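To start, the structure itself, in structure tokens.
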Amino acid sequence: MAKATVERNEDLVRIIRAAGLKVTAPRLAVLEALQQAPHSSAEHLFLNVRPALPGTSAQAVYGVLAAFTEAGLVRRFDPPGTAALFECRVGDNHHHLLCIRCGKVTDVDCVVGAAPCLSPSDSAGFAVLSAEVTFNGICPQCRNAV
């Protein structure tokens, strides 16, 4: 195994342990796949980890993502009309640009910069922790393909 691969694996182990989770092969595989392909659905991640872990089920990937989300390792967001997507960028209140043609998702920093960067006109007594915004549009590649 190459030195870079060993170091990468050790980094992933540290990340998982720092979140208070047990290190397992499915957790390592899902975290690595998610870092390589941010904004992935559970199904996409399952297809990416299955070759390395043939015994892994789609349900196991969903379980890993649920544990990661609860531990704060990943963020789940639900763009309209698509499956839930997951990313490793956590701890800030960034938003997303979504291409309505190809489905490409790109991070965009919060307009104001502090969470939550948007405030509802009436919070109804809620302590607002974050605001999720998806900007829908057409990415440069799709615009140029017309």
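The values are calculated or read from the model by the stated rules, or taken from the named source; none is laboratory data. Note that the coordinates shown come from a computational prediction; the quantities given were computed from them, not determined experimentally. Note: ideal-geometry Cβ built from the backbone for every residue, glycine included; neighbour counts use all protein chains shown. Protein only, heavy atoms only, side chains kept; ligands, DNA and RNA dropped before computing areas. Shrake-Rupley method; radii C 1.70, N 1.55, O 1.52, S 1.80 Å.
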Q | Solvent-accessible heavy-atom area per residue, rounded to whole Å², over the stretch 1-93 at 1.4 Å | A | 55 Å²
Q) Angle, helix 58-71 long axis vs. longest principal axis of the chain, Cα atoms, 0 to 90°, nearest 10? A) 60 degrees
Q: Tally up the carbon and sulfur contribution to the accessible surface of the stretch 1-128 as a whole percent, 1.4 Å probe, everything protein left in place.
A: 56 percent
Q.
I'd like the distance separating the alpha-carbon centroids of the stretch 88-139 and the stretch 42-78, in whole Å.
A. 23 Å
Q) Once the Cβ-Cβ distance between CYS102 and GLN35 is put in as r, and R0 is 22 Å, what FRET efficiency do you end up with, to the nearest 0.05? A) 0.50
Q: Could you state the angle between the C-alpha long axis of helix 3-18 and the longest principal axis of the C-alpha atoms of the chain, as a value from 0 to 90 degrees rounded to the nearest 10?
A: 60 degrees
Q: State the label only: which of [x] 51, 46, 30; [y] 42, 32, 24; [z] 57, 35, 29 corresponds to Cα extents along the principal axes in Å computed from the shown model?
A: [x]
Q.
Need the full-extension length gain, PHE135 to ASP109, defined as separation in residues times 0.36 nm minus the C-alpha distance. One decimal, nm.
A. 8.2 nm
Q.
Among 96-104, 126-134, how do they line up by average Cβ neighbours within 10 Å per residue, starting with the highest?
A. 96-104, 126-134
(Q) Under a Cβ-only charge scheme (Lys and Arg +1, Asp and Glu -1), can you give me the dipole magnitude of the stretch 2-146 about the Cα centre, in debye to the nearest 20? (A) 420 debye
Q | ARG14/ARG76 FRET efficiency (R0 22 Å; Cβ-Cβ; nearest 0.05) | A | 0.45
Q | Per-residue [θ]222 nm for the chain (sum of -39500 (n - 2.57) over DSSP H runs n ≥ 4, rounded to 500) | A | -11500 deg cm²/dmol
Q | Label-to-label distance, nm, for residues given as ALA58 and ALA145 (7 Å Cα→Cβ offset) | A | 2.5 nm
Q | Formal net charge of residues neighbouring ALA58 (Cβ-Cβ distance under 13 Å; K, R +1; D, E -1) | A | 0
(Q) With unit charges on the beta carbons (Lys and Arg positive, Asp and Glu negative) and the dipole taken about the Cα centre of the stretch 1-122, which residue among ALA84, ALA66, ASN9 sits farthest to the positive side? (A) ASN9
Q | ³J(HN,Hα), Karplus 6.51/-1.76/1.60, whole Hz, each residue of the stretch 88-103, x for Gly, Pro | A | 8, 6, 10, x, 9, 10, 7, 10, 9, 9, 10, 6, 6, 9, 9, x
